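Notes for the one structure printed next.
Quick note: the coordinates plus some simple rules give every number you see, no bench work behind them. Only a predicted model underlies this, so the values are computations on that prediction, with no experimental measurement involved. All Cβ positions, even for glycine, are placed from backbone atoms using ideal geometry, and neighbour counts span all protein chains on display.
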Amino acid sequence: MRVVFDTNILVSAFIFPGGAPETIYRAALEGRTVLVTSAPLLAELGRVLVEKFGWEAAMAEEVVAQVIRIGLVVQPTERVHEIAADPADDRVLEAAVAGNADAIVSGDRHLTRLRSWRGIPIRTAAELAAELASQT
């Protein structure tokens, strides 16, 4: 299953261990899902860790490098203009299209409110964690 992890999910996996975001990130580490991402999402991840959470740049770079190692980094070719209230969220949708994603996981209300986009389900981390748990 190919899944785009929104930046807020990855940040939560690293900042707040023990929750659903960490559970689904571990599933990607174990190869039970394919984490789909893109250069804009990776840049946002590094920036958020440094600017909002005060991480040292080197630590943030290690996290980004790990996501690159375990994930599928795609190059979106289609520009999307779906989320007028927060155009940065469109980068998640672009990665989903480019990566032929089976799902998007986000905690962002602009995305979760859609529930689905172009046939791609948009789930919370808890929903995906429950789905993965039922498969084991």
Most to least packed among 101-113, 71-83, 40-52 [average Cβ atoms within 10 Å]: 101-113, 40-52, 71-83
How do LEU93, LEU114 line up, fewest other C-beta atoms within 10 Å first? LEU114, LEU93
In the chain, if every C-alpha pair distance is counted and binned at 10 Å from zero, what percent goes to each bin? 13, 47, 34, 5
Given the DSSP H assignment, sum -39500 (n - 2.57) over each helix run of at least 4 residues in the chain and divide by its residue total; what's the result at 222 nm in deg cm²/dmol, nearest 500? -15000 deg cm²/dmol
Antiparallel DSSP bridges in the chain: what percent, to the nearest 5? 15
Average projected area [Cα convex hull, the stretch 56-107], square nanometres: 4.8
Semi-axes, largest first, in whole Å: what does sqrt of 5 times each Cα gyration tensor eigenvalue give for the stretch 78-122? 14, 13, 8
